[in-house]
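A short worksheet on the structure shown next.
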Amino acid sequence: MGIGTSGAGNSRAILICFAAALVEGFDIQVAGIAAPRLGPALGLSPAQMGMFFSSATFGLIFGALAGGWLSDRHGRRAGLAISLAIFGLFSIGTALAGKYESLLVMRFMTGVGLGGALPNLVAIASESAGAERRGRAVALMYAGIPLGGAAVSLISIAGLGDGWRVLFVIGGLLPMMIVPLVMTLPDMRMAPKGRDMGGLGPVLGSGNLVPTLLLWAGFFFSLLVLYLLLNWLPALMVSRGFGRAEAGMVQLGFNLAGAAGSLLGGVALDARNRSFWVAGSFGGLVVALALLAVAPANIFVTLVVGAILGAAIISVQAVLYGIAPQCYPAEVRGQGVGLAVAVGRFGSVAGPLLAGALVAAGQSASEVLTGILPIAVLGGIATWLLTRRRRATSTS
């Protein structure tokens with residue numbers, strides 16, 4: 001099925017996707033500020049708290065795979081609406097959980113909904129814009145995720161995380177409110193009826209193998225770095241002598257600058273010399289990591305460097321999400337993006353585990369930050385090669 005062709009209708013679709021991404025960003029990070037009160041309230045051990053965080057991440061992996069398949073089989077609108085409803089309902093269920101086992105189930109299913117929404121958001125934003133503006137459309141949508149994270153940072157700084165059940169209720173009601181808006185969108189393209197588009201074959205066929213592997217590598221390495229920072233940046237800052245409020249301010253600056261970086265990434269992706277801009281984004285990421293590792297324990301300097309770091313890493317994510325739908329034909333676009341998101345989520349699991357292992361081995365905050373520099377470089381090389389390949393394909 002086609003999409004609406006009016007500029008106003010397309011802009012409305014992108015804005016609805018932005019609102020959904022904003023809510024997604026809130027839900028992804030809200031567990032972090034709820035945890036200090038949630039753990040004692042339910043009597044959870046540190047190991048159980050680790051499983052609480054991991055359950056949502058594993059749900060994201062399964063959700064990305066299911067959401068991409070649903071998008072191609074039944075349309076983008078249905079895929080997004082169902083995903084929003086799932087993570088809304090189970091976020092509310094998290095607020096009602098009274099014991100450890102039910103909490104894990106609720107967080108896993110919340111993650112399934114969150115993961116299922118993202119491939120649909122990317123596909124809708126991409127297909128709602130002309131070929132020359134698709135990168136910016138996806139980047140505008142993706143900017144909602146760090147802005148949602150910034151809202152969580154503000155809640156943390158204001159000390160409003162005590163009522164943890166209320167936070168999950170809010171995180172559940174917001175996506176439910178967006179579902180009716182999603183259902184007013186014209187439906188997006190899907191696989192022809194009677195055509196089996198399941199499995200890896202259609203995604204990896206017809207010359208898609210090399211760009212798919214490059215896309216997976218870019219997502220895995222960049223998300224490893226991103227989620228390491230999202231989970232450990234405040235703790236690393238505290239270990240360097242900053243107070244928790246100051247560490248929260250650094251995280252807020254990281255998220256706000258990340259939203260701006262997302263928009264810059266979209267502009268870069270639509271530029272003719274986009275491989276140059278991609279190299280600049282990853283170069284900025286490497287430089288910012290190095291600067292943060294050696295910067296003095298001065299809050300102003302750390303805020304500036306943290307903001308540069310946020311802009312660089314989210315710009316990289318915007319480029320990857322912007323180019324992902326361009327790697328596949330419409331009939332397998334949802335599955336292609338969903339698989340890439342799922343592979344990236346393994347990186348998001350590995351990142352915090354890597355930081356935990358380095359800290360447990362006695363490494364300082366500076367050593368942790370410098371230790372992930374090679375990983376950022378690998379992600380940059382894969383993404384740069386992908387943009388070069390896509391440019392050569394589009395001009396051939």
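The values are calculated or read from the model by the stated rules, or taken from the named source; none is laboratory data. All values derive from a computational prediction rather than experimental measurement. Every residue, glycine among them, receives a Cβ derived from its backbone with ideal geometry; neighbour counts consider all protein chains shown. Only protein heavy atoms, including side chains, enter the accessible area calculation; ligands, DNA and RNA are left aside. Shrake-Rupley method; radii C 1.70, N 1.55, O 1.52, S 1.80 Å.
Assorted remarks:
- In the stretch 228-240, the residues that are open to solvent by less than 30 Å² (accessible area, probe 1.4 Å) and under 29 Å from A342 (Cβ atoms): L228, L229, L233, L236
- Applying the condition of being without any contact (Cβ under 8 Å) to a residue 12 or more places away in the chain and open to solvent by 50 Å² or more (accessible area, probe 1.4 Å) to the stretch 109-165 and asking which residue is nearest to S315 (Cα to Cα) yields A131.
- Considering each residue of the stretch 287-305 in turn, none proves to be open to solvent by 20 Å² or more (accessible area, probe 1.4 Å), within 21 Å of the chain's Cα centre (by Cα) and not β-branched (V, I, T).
- Just one of (1) part of a helix (DSSP H, G or I); (2) under 23 Å from W232 (Cβ atoms) fails for L44. It is (1).
- Scan of the stretch 204-250 for residues that are part of a loop (DSSP other than H, G, I, E, B) and farther than 15 Å from A295 by Cβ, ordered by number: G205, S206, G207, N208, G243
- Any hit, the stretch 251-272, residues being closer than 24 Å to A139 by Cβ, small (G, A, S) and outside any helix (DSSP H, G or I): yes
- Of the residues making up the stretch 52-83, those that are open to solvent by less than 50 Å² (accessible area, probe 1.4 Å), over 15 Å from the mean Cα position of the chain (by Cα) and among the aliphatic types (A, V, I, L, M) are L70, A78, L80, A81.
- The listed residue being under 23 Å from T387 (Cβ atoms) and either open to solvent by 20 Å² or more (accessible area, probe 1.4 Å) or touching a residue at least 40 places away in the same chain (Cβ under 8 Å) (or both), out of G248, G261, G243, G253: G261
- Meets criteria (small (G, A, S) and open to solvent by less than 50 Å² (accessible area, probe 1.4 Å)) for A47: no
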